[in-house]
Every structure is written in C-alpha cells, then in structure tokens.
Amino acid sequence: MLGLMQDRPLSLPHVFHRAERMFGHKRLITASPAGERETTVAEWAVRVRRLATVLDDLGVSADGRVGTFCWNTDRHLELYLAAPCTGRVLHTLNIRLFPEQLVYVANHAEDEVVFVDRSLLPVLWPVVDQLETVRTIVVIDDGADAEIPSDPRVRDYEELLAAAEPFAGRFSVEDENAAAAMCYTSGTTGNPKGVVYSHRSAVLHSMVTLTADAFGLAERDVVLPVVPMFHANAWGIPYGALLAGCDLVFPGPNMSPAAIASQLERHRVTVTGGVPTIWMGMRPLLADHDLSALRAIICGGSAVPRALSEAYREAIGLPMLHAWGMTETSPIATVSTPRSHHAGWTEDQRADARARQGQAVPFVELRIADPDTGEEMPWDDEASGELQAAGPWIAAEYYRGEGGGAQFTADGWLKTGDVAAVDRWGFVRLVDRTKDLVKSGGEWISSVDLENEIMAHPAVAEAAVIAIPHEKWTERPLACVVVKPGESLTADELLEFLAPRVAKWWLPDAVEFIDEVPKTSVGKFSKKTLREKFDGYSLPS
Ligand code: AMP
C-alpha cells in the first residue's frame, strides 16, 4: 500500500519563494570596497528574478554550469538562487586555488560563464584564455579599482540586470534529483574532485541547519558566514538562513579579524561560522568588542583546538560550536551541541566534550571500520577506525567517476579518510586524518591530540605536528610551532610543559619554531606543505 501524500519535489525554488513571500523585510548587509550596502530580501528577490532572465539572455544551456569567483556577498547570494532555480548548476570556484587547479576545475565542470567580483579580476583574468568552455565573464563591480579589460567576452553585471525583465512566474524544478550546485574538493592529493549536490540534498541539508541540535537557525537570527561561499556552500548557511528568514551579514573582500569583529558587533550578529584560523586571528580583539549578541560561533573544517574554544568562553562567555563535515557531506555531518548527559559535568569535562566533533545530525549515519579488515568497530571511545558516512546529502560518487570509486565502500558508504573513536552517545572524536597519523613502533600517535596539547601552552599561537621517517620507530613526530608575538619559548620549555600531558612516547623528537603554519586554500593547516618543507629532516638521535 502506498502513502497518500502529495509528492512535491524537494527543490531550491521553495527556498526562494518562501524567502520572497515571507521575509521580504529582512536585511542583507554586505561590506565592499565601496562601503557597506544594505538591501532587503524583497529587493534581492527582484534581482534574482532579473538574473534568471540574464542567464537565458546569455544563452546558458538548460543545465549549464554557472561559475562564480566571488567573495561572500549579497550578489553571490543572487547567483546561489538564480542558477539552480532556473535548472542551471551553480559552480562556486575557490578563489585561492593555484592557477593550474582553477583552470582544471573550470574546464572539468565545463563552466559556460563565470561571474567575478571586480576585486578578484586580477586573479582570474590571467587564466581566462585557458578556460575552454567559458564564453562570458560577467564582472560584478564591488567598487575595487582593478582594471576591467576591454574584451568582447566581458559584460557588466549591473548593466545586464538593468536590461533584463524580472522573470515573472514561479520557478520550478520538478526533478529533485537534478543537480543544483557543485563544488570541488580542496584536493590535498591529486586533482580536485567534483562533488555534485542535488536539489533534494541541498534542501534536506538546509532543513537540518534549522534543527535545534545543529545550528538552530531561526527567523530572529542575524547570521554572518565567514566561511567562504566557495567552500562547501558556506556550510549550507546561506540556504539555511534564507529558509529560516534570518538577516544575513556578508564580509565581502575584507576578511581581516578587525573587519569581521566590527561587523559582528555593529550588526548584533547572533550566529557566525568559520575555520579555527579565523577565530585564532580574532582572539586578541575580543576584549575591545561587544559581542554579547552572539549565541553560536560555528567552527570546523579542521579540529577546533580546545584552548581556542576555552579562550572564547573565558573572554566572551561563548565557546565554539564544533562541527565536522566535508565537501562530500554537503558538509554538515556532526555537530557538538551540549546534551543532557553533559549536565553535572565539570567545566573541564564539558570543554573536553566540546573539543569532540559531535553527534551525527538526523539522517546522517556514521560507522568506524577497522582499516585492515573493514569490520565495523564498537562505539566505546577506545577503538578507533576509519570514519565512514552515509545519508541523503552525502556524495555517492565524484563527477565523471573521478577517483574510480576508491573512496566508497562496496555497500556505498563514503570513506572519509578521517580516523575517529565514537563514545556510547555517538559523539565522534576525530583522532586524525588517515595520512596525518604518526605511526611510531606499530602504534599510532594522533597529530591532532598532540597539536591540541601544544596549543594549550600560553606562549603558542599555533602548532602543527608531522611525521618524520625514523629508522627504528618507522615515524616520529616533529612539532612545528609558532610563538605568539612578544612571547618566547624554547624547545625544552615546551617539552617540559608537555611531559605531564601526553604519554612519554608521544613527546615530539624535535621542535622547530616557524613564523606561520602554511595554510590550504580554505585556511586549514597544510601539512602537505610542511612535509615538503621538512623533507629529509634529520631528527636528533
Ligand atoms: P573539506 O572537504 O575541504 O571541507 O575537508 C574535509 C576534511 O576536513 C575532513 O575530512 C576532516 O579531515 C577535516 N575536518 C573538517 N571538520 C573538522 C573538524 N571539526 N575536526 C577535525 N577535522 C575536520
């Protein structure tokens, strides 16, 4: 017997029409080189409708890929809806990719048009002639003074919008499994791989960002996504915020800690999100800003150092809200919100709980598997194995079969490449990336745990641990440490600090002081670059 309920597609036009109909009065605020601009969702919606016509006028094919090379702005949000609501596929290009990678992903996705912020033209333009399928470059003038090339392919965003009639009807995408957006993995090895989100996956994922034990996005929230809109759709925050009816504040090109802190304060932002690097940078500024409106600082993308979260709790009464995910998981898979079983725990125990990546959100299933046998391992917080994930917003394969299915199990689960232990409440504790573990004498040392302990030292700004080949032990840890400005620290002092905190055999064999931990295109520690830098390093015997 079949259920007798209406079969309506889970597709992004609903997000648009709901926002337009009910939240027209809500604000969209964007910082740009020309100053801060405030608009309403109602005005934005008319522009989305015009943009839909522009995509037709430009001859973008029915499911053509629409590239964006943009900061976090209200304009980018126009593209976020106009492309998928007209059946096209939004392809957010990572503005920090190396030129060869940028060319690779735009060609691989077969982008037909690229929308670019004027301030980013100097980054994009040098490779434009290598973009094989791109016919048009649309420049969004954000007030930057970058020269606009006179070239027949170049069009002006505002001129195109002004000339286009707003699309008058209701947007409709009947097949909820049709592609809505795509994003390439940041690719620490090999070429970036394309993850293709469907309307259904985007809608369900947005719904989950509204649930109380995830981000709990609500109409009364004022949300500032620091996480780039080219990084896994800014963790689903833009679609979630529109669905909930939040005000949105966008940082634009100025991502400095000072600029973000002042936007957070000025607009009484309640929810923000970004990688740990951002919050590390803002930490010295906390005392000078009134951030009392904030209720959640979502943090993920890499492990949130316990000391960082604690520093925020002590300074502004609000620790980080730790979340874990991947481009392949849309990305929200786990969130570490406080639970009833934490009640009665000491502050110290709660800080430990917050340092965990959290519990799977509804509809995401997780398991840990023995790396050798593939057998599922128990959730006893002791056993650690490869974390695998399944769910309706988790990739089933990469675009054009890239990677040959190596990252998926025979029963269709995603192999995340992360190693985790899980406690009996299902709270995940990421131990490491498979490839970042230090394998010493047949045992694993978690570089993440070690980094956490090193970063707990008051003189340490940031630290990364990498494995160095060792004749006797196979590998041993090298600690690469950045000391805070104005502080001093010796290797012996650091090792003395670590001695009571970690097992003796975990103590790094050497400490190197560096100016900065190299970062990837999305602001994570780039261990690959560090490994290259210390290639051939000889550890003291
Ligand atoms: P990306 O696809 O670039 O977002 O990278 C996904 C990877 O980032 C994951 O597989 C993890 O290794 C790492 N990651 C994301 N969130 C966290 C977190 N909260 N803690 C530790 N690692 C994380």
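The values are calculated or read from the model by the stated rules, or taken from the named source; none is laboratory data. What you are looking at is a predicted structure, and each value in this text was computed from that prediction instead of being measured. Note that each Cβ is placed from the backbone with ideal geometry, even for glycine, and that neighbours are counted across all protein chains shown.
Computed quantities for the displayed model
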read-out	value
Residue under evaluation residue 286, criteria (1) over 26 Å from residue 69 (Cβ atoms); (2) touching a residue at least 40 places away in the same chain (Cβ under 8 Å); (3) assigned to a helix (DSSP H, G or I), criterion not met	(2)
Which numbered condition residue 175 fails, given (1) within 29 Å of residue 29 (Cβ to Cβ); (2) in a loop (DSSP other than H, G, I, E, B); (3) not small (Gly, Ala, Ser)	(1)
Residue within segment 226-233 that is touching a Gly at 6+ places or on another chain (Cβ under 9 Å), part of a loop (DSSP other than H, G, I, E, B), at negative phi and not aliphatic (A, V, I, L, M) present	yes
Breaking point among (1) away from the ligand (no atom under 16 Å from the Cβ); (2) not in a loop (DSSP other than H, G, I, E, B), for residue 528	(1)
Residues satisfying the stated conditions in segment 83-97, i.e. out of contact with any strand residue (DSSP E or B) (no Cβ under 7 Å at 6 or more places or on another chain) and either farther than 19 Å from residue 121 by Cα or without any contact (Cβ under 8 Å) to a residue 60 or more places away in the chain (or both)	85, 86, 87
Those residues of segment 306-329 which are touching a residue at least 40 places away in the same chain (Cβ under 8 Å) and among the charged types (D, E, K, R), in sequence order	306, 310, 328
Of residues in segment 311-337 being more than 18 Å from residue 417 (Cβ to Cβ) and within 16 Å of the ligand (Cβ to nearest atom), the one farthest from the chain's Cα centre (by Cα)	312
Selection within segment 414-427 - within 14 Å of residue 448 (Cα to Cα) and either among the hydrophobic types (A, V, I, L, M, F, W, C) or more than 19 Å from the chain's Cα centre (by Cα) (or both)	419, 420, 421
Qualifying position, being crowded, with 21+ Cβ neighbours inside 10 Å, in contact (Cβ under 8 Å) with a residue 40 or more places away in the chain, within 17 Å of residue 423 (Cα to Cα) and within 15 Å of the ligand (Cβ to nearest atom), among 303, 355, 395	355
Hits in segment 248-270 - residues which are within 20 Å of residue 230 (Cα to Cα) and buried (at least 19 other Cβ atoms within 10 Å of the Cβ)	248, 249, 250, 251, 252, 253, 260
Subset of segment 418-462 that is basic (Lys, Arg) and in a strand (DSSP E or B) - its residue that is farthest from the ligand (Cβ to nearest atom)	439
Criterion (more than 16 Å from the ligand (Cβ to nearest atom), touching a helix residue (DSSP H, G or I) at 6+ places or on another chain (Cβ under 9 Å), modelled with pLDDT of 90 or more and over 30 Å from residue 255 (Cα atoms)) met by exactly one of 510, 491	510
Residue within segment 503-510 that is among the charged types (D, E, K, R), touching a residue at least 40 places away in the same chain (Cβ under 8 Å) and either outside the structural domain of residue 234 (by TED's automatic domain parsing) or touching a Cys at 6+ places or on another chain (Cβ under 8 Å) (or both) present	yes
Selection from segment 323-377 of residues that are at pLDDT 95 or above and of a type in the set (S, T, N, Q)	327, 329, 330, 334, 336, 337, 340, 346, 349, 357, 359
